[in-house]
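Notes follow once the structure below has been shown.
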Amino acid sequence: MRKDEVRGLDHWIGGSPVAPGDGAYFESLNPIDDSLYSRAAAGTPADVDRAVEAADTAYRRNRDLSAAAREGWMIKASALMERDASQFADTLVDEIGSPIAKAGFETRFATSFLRAAAGVPRRIRGETIPSDAPGRVSMSFREPVGVVAGITPFNVPLIKGIKQSAMALATGNAFVLLPSEAAPRVADQLARLWEEAGVPEGLFNIVYGDGAKIGDALTGHPKVRAITFTGSSRVGRHIARIAAEGFKKYTLELGGKSPLVVCADADIEKAVAAAIFSIFMYQGQVCMGASRIYVERPIFDRFSKAFAAAAAKLSSGDLRDPATMLGPIISGRQRARVRQHIDDARGKGAEILAGGEWTGHVCHATILSGVQPGMEVAAQETFGPVTSLYPFDDLDEALRLANDTEYGLSAAIFTRDIDKALRFAREIESGMVHVNAPTLHDEPHVPFGGSKASGFGREGTEADLEIMTEWKWVSIQTDAAVGGAH
Ligand code: NAD
């Protein structure tokens, strides 16, 4: 038995395991039956300070490393991720209840993100700029910010852990990760990956613990210059205030209530398959989940029947069976929330077209109809395998209903009419929109993120340069006739 299985995972600070300041460890449970999966250090504000100081020291020590060196880490890390994909997937199955198909999606995405990140270090370029002053040479550099703090959610801890840390390291920063309390072990595997990839000690650090207790010590630390957060809108709003107070750069990737619109001219079979994937993948615990589905009235009944029939067939068996779609809901608190949303809708008169029942910690794929504005499920993020079907009469109405939400993460429309599709893409209030495809999609180099309460800023190998680097304007006065007003 590994030492950490008896005691718990220690923080990873300055390239070594570091025991928590007050010696306490917390338990992380396997959501399939809430049995003990691992223990991890219950961090204190002093532990956070230690990690940030180690990161700051490492940043200064390594700031002159070449782009080629950073490129090398990314190339090595992508090969290691590919080599170790099954170990990472195993952890995702047992630690957060990922069906193996979703775990495989995470490991493949992580590999491809690391490959894309290998192209980043050599692309961090400045500009030469005409100057109004005769003889003045004017230019701009893009410099790293120093220490970047990353905070991950429970549902995609590998994708987000990789996105955040790879971009921080590729752009020349040091990184401190506060991983979701529900996913400490996958973070520990990440530390080993970066170490083996050759990242110098102190550039990648982890502090485990309860975000509500130690998060502010991290985001508010004066030496943390940028924050990349993925999680709920509630915590995101809190972090935005702290970032503003400290003049820090930040990206927020938050919750959603993403609409999928199916027009009467759509390929119904494809729309049903996309709806199934969009809301039931990883039992609906996905930020881009299509938790509102609008169907044009002439096909409403046909679509509803086909969708309910497909949902009833979804498998919720062995998480290691590639056919399994539905696994357990992550925690007692989240199970209570999903139950409450279904019960509240049922109690207030919604019809349950599929699901509504549970087997252990697994909620069956649930489709509601007749959902009214006063029901909790209408406006709030459920974060479970629950969606509501609504009829609409024309695109104006579909757009009005789809935009009637505080969120704006992803959206999708199924139609064969290019004019309708483009109008929807232009007028939907969301950061991402897909035509004839699920609401759920990500690629390493796209500007991923949401508007309204779904986020602030964008992430990806291009977009992250905005928060992970800082412009510096440099000018040199010369006696030569260069750079002046020609
Ligand atoms: P959460 O907000 O409860 O927790 C996220 C992280 O924040 C955890 O690591 C937690 O420890 C930490 N945290 C809590 N309080 C903090 C504080 N004061 N300061 C700093 N960190 C703090 O979210 P969750 O339940 O883990 O994840 C689900 C949520 O994440 C959903 O709302 C989902 O939509 C969202 N999400 C968004 C995206 C996206 O890319 N937009 C992706 C995945 C998940």
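The values are calculated or read from the model by the stated rules, or taken from the named source; none is laboratory data. Here the structure is a predicted model, which is why all the values come from computation and not from measurement. For neighbour counting, all protein chains shown are included, and Cβ atoms are generated from backbone atoms with ideal geometry for every residue, glycine included. Heads up: the accessible areas ignore ligands, DNA and RNA and are worked out on the full protein's heavy atoms, side chains in. Shrake-Rupley method; radii C 1.70, N 1.55, O 1.52, S 1.80 Å.
Computed quantities for the displayed model
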| quantity | calculated |
| --- | --- |
| Residue within the range 277-293 that is within 14 Å of the ligand (Cβ to nearest atom), among the aliphatic types (A, V, I, L, M), open to solvent by less than 10 Å² (accessible area, probe 1.4 Å) and not in a loop (DSSP other than H, G, I, E, B) present | yes |
| Of residues in the range 370-401 being over 29 Å from the mean Cα position of the chain (by Cα) and in a strand (DSSP E or B), the one farthest from S315 (Cα to Cα) | F392 |
| Matching entry among A306, A336, A310 (being over 24 Å from D442 (Cα atoms), part of a helix (DSSP H, G or I) and free of Cβ contacts under 8 Å to residues at least 12 places away in the same chain) | A336 |
| Residue in the range 251-261 that is among the β-branched types (V, I, T), under 17 Å from E459 (Cβ atoms) and more than 7 Å from the ligand (Cβ to nearest atom) present | yes |
| Residue within the range 145-160 that is away from the ligand (no atom under 16 Å from the Cβ) and open to solvent by 20 Å² or more (accessible area, probe 1.4 Å) present | yes |
| Hits in the range 346-365 (condition: on the phi < 0 side of the Ramachandran plot, free of Cβ contacts under 8 Å to residues at least 40 places away in the same chain and open to solvent by less than 60 Å² (accessible area, probe 1.4 Å)) | A350, I352, W358 |
| Given (1) surrounded by fewer than 24 Cβ atoms within 10 Å (Cβ to Cβ); (2) outside any helix (DSSP H, G or I); (3) touching a Phe, Trp or Tyr at 6+ places or on another chain (Cβ under 9 Å), index of the condition D188 fails | (2) |
| Every residue from the range 232-276 that is open to solvent by 40 Å² or more (accessible area, probe 1.4 Å), of a type outside the set (K, R) and in a helix (DSSP H, G or I) | V235, H238, A244, E245, E269, A273 |
| The range 313-333: number of residues that are open to solvent by less than 30 Å² (accessible area, probe 1.4 Å) and part of a helix (DSSP H, G or I) | 0 |
| Residue match in the range 63-79 (condition: within 28 Å of H441 (Cα to Cα), polar (S, T, N, Q) and in contact (Cβ under 8 Å) with a residue 12 or more places away in the chain) | yes |
| Single condition A226 does not satisfy, out of (1) away from the ligand (no atom under 11 Å from the Cβ); (2) open to solvent by 10 Å² or more (accessible area, probe 1.4 Å); (3) farther than 17 Å from L114 by Cα | (2) |
| Odd one out for I352 among (1) under 22 Å from S98 (Cα atoms); (2) in contact with a strand residue (DSSP E or B) (Cβ under 7 Å, 6 or more places away or on another chain) | (1) |
| The lone exception for G43 - which of (1) among the small types (G, A, S); (2) outside any loop (DSSP other than H, G, I, E, B); (3) open to solvent by less than 70 Å² (accessible area, probe 1.4 Å) it fails | (2) |
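Condition check ((1) part of a helix (DSSP H, G or I); (2) within 16 Å of the ligand (Cβ to nearest atom); (3) buried (at least 24 other Cβ atoms within 10 Å of the Cβ)) across all residues:
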residue: Y407; (1), (2), (3): no, yes, yes
residue: I413; (1), (2), (3): no, no, yes
residue: R423; (1), (2), (3): yes, no, no
residue: R426; (1), (2), (3): yes, no, no
residue: G450; (1), (2), (3): no, yes, yes
residue: A453; (1), (2), (3): yes, yes, no
